[in-house]
Amino acid sequence: MRLALLIFLTLLTLLGCRENQTIRKVSGEAQGTTWHITYLSEDPKDLKPGIDSILRDLDLSLSTWVKSSIISRINRNEKGVAIDSYFRDVFLKSISVSEKTKGLFDVTVGPLVNAWGFGPARKSVIDSVTIDSLTSSVGYKMLTLENDQVIKAKPEITIDFNAIAQGYSVDVLAAYLAKHGVNDYLIELGGELIAKGRKNKESWTVGIDQPDEQQGSERKLQAIVELNNRALATSGNYRKFYEEDGKKYAHILDPRTGYPAKQNILSATVLAEDAMTADAYATAFMVMGLEQSKLFLSKNEDLNLEVFFIYDDNSIWKTYASESLKKSIRVLN
């Protein structure tokens, strides 16, 4: 009886703490995009200065757009550049995903990213000779890590973490909130998200955009998802592209060919335990295409990934959702 009373009082205390929490919101700009955090807390302390500091440190480690960053210095072949914990985390995860996908995800696409005009360097004149030359320096197996230094098999190799860094940034911010005793939150950075706990006894809900290049600032949603202690990332060629001589060139590149990926998936949304994993595989599935992605998922159930694909079937938009995701997703017409 005494034990039951103690448990009852403990539950009351926990419920009371949650009920006394206030919904707080902070937002800002970083990494060429915006970020938004909604969380529940009794503590009125302003967390934004700490968040801004973390995002600056992440840029100084992982951003190719910051000339003094660790990644930029490594890409310039400066000697004796030591990596930090941020770089190490992203590097090791990148190699892991590359091995799983047999190189369809590859952070050594840096030369191609720049040549196609999606990086900090000036766009190149693209022809088959240029592509053949650049792809000879693409391949994750030509990178190793020794004593906190990146070793490149060729000096021409350059690293680009853009397909994974924003997801990782979301995970780092989640760890920062947890450190400050925040257990209920939704973090979004550049469209990559993670949700923990609940919002006023309800699941956090987020929308998945239609892959419409013409919608501008007015978002049209294709689906609404409940996020229960999960991360979500969406990749799509409708987000970053340019047109030249009447042709569209999208930012997701196929490491095998050196050209923009041309598959039937228009938008790949991935749910995973962390945002870094979701971010990387969302890009990989865009390169794989629908059928190869479905086959990959069936062979790698241990990754605990869930997906929602919007794909083109003879000029008709169709959707595909993991069976386990269907109970928490509502597809809109």
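Quick notes on this structure:
- Each residue in the stretch 253-265 was checked for being under 18 Å from the mean Cα position of the chain (by Cα) and surrounded by fewer than 20 Cβ atoms within 10 Å (Cβ to Cβ), and 1 of them qualify.
- Of Ile74, Ile51, all but one fail to be touching a Leu at 6+ places or on another chain (Cβ under 9 Å), on the phi < 0 side of the Ramachandran plot, at pLDDT 95 or above and not assigned by TED's automatic domain parsing to the domain that holds Thr283; the exception is Ile51.
- Evaluated against (1) at pLDDT 95 or above; (2) more than 30 Å from Arg56 (Cβ to Cβ), Ile131 falls short on exactly one condition, (1).
- Filter pass, Arg73 being loosely packed, with under 14 Cβ neighbours inside 10 Å and in a helix (DSSP H, G or I): no
- Here the stretch 98-112 is the region considered, the condition is being closer than 16 Å to Ala280 by Cα, out of contact with any Phe, Trp or Tyr (no Cβ under 7 Å at 6 or more places or on another chain) and assigned to a helix (DSSP H, G or I), and the residue that is modelled with the lowest pLDDT is Gly110.
- Of the candidates Tyr86, Tyr140, the single residue that is aromatic (Phe, Trp, Tyr), in contact (Cβ under 8 Å) with a residue 60 or more places away in the chain and in contact with an Asp or Glu (Cβ under 8 Å, 6 or more places away or on another chain) is Tyr86.
- Scanning the stretch 228-245 for residues that are closer than 12 Å to Ile208 by Cα and either at pLDDT 90 or above or in contact with a Phe, Trp or Tyr (Cβ under 8 Å, 6 or more places away or on another chain) (or both) yields Leu232, Ala233, Thr234, Ser235.
To keep it simple, each residue is scored yes or no on (1) touching a helix residue (DSSP H, G or I) at 6+ places or on another chain (Cβ under 8 Å); (2) in the same structural domain as Ala223 (by TED's automatic domain parsing); (3) over 18 Å from Arg230 (Cβ atoms); (4) among the aliphatic types (A, V, I, L, M).
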position	(1), (2), (3), (4)
Ala278	yes, yes, no, yes
Phe296	yes, yes, yes, no
Lys299	no, yes, yes, no
Glu306	yes, yes, no, no
Asn314	no, yes, yes, no
Trp317	no, yes, yes, no
Leu325	no, yes, no, yes
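- Test: residue in the stretch 270-292 that is in a helix (DSSP H, G or I) and surrounded by fewer than 18 Cβ atoms within 10 Å (Cβ to Cβ): yes
Quick grid of which residues meet (1) assigned to a loop (DSSP other than H, G, I, E, B); (2) hydroxyl-bearing (Ser, Thr, Tyr); (3) over 21 Å from the mean Cα position of the chain (by Cα):
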{"residue": "Ser96", "(1), (2), (3)": "no, yes, no"}
{"residue": "Phe118", "(1), (2), (3)": "yes, no, no"}
{"residue": "Ile131", "(1), (2), (3)": "no, no, yes"}
{"residue": "Lys141", "(1), (2), (3)": "no, no, yes"}
{"residue": "Ile157", "(1), (2), (3)": "yes, no, yes"}
{"residue": "Asp160", "(1), (2), (3)": "yes, no, no"}
{"residue": "Gln166", "(1), (2), (3)": "no, no, no"}
{"residue": "Ala174", "(1), (2), (3)": "no, no, no"}
{"residue": "Leu177", "(1), (2), (3)": "no, no, no"}
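The values are calculated or read from the model by the stated rules, or taken from the named source; none is laboratory data. On a predicted model such as this, the values are computed, not experimentally measured, just so you know. All Cβ positions, glycine included, derive from the backbone under ideal geometry; neighbour counts span all protein chains shown.
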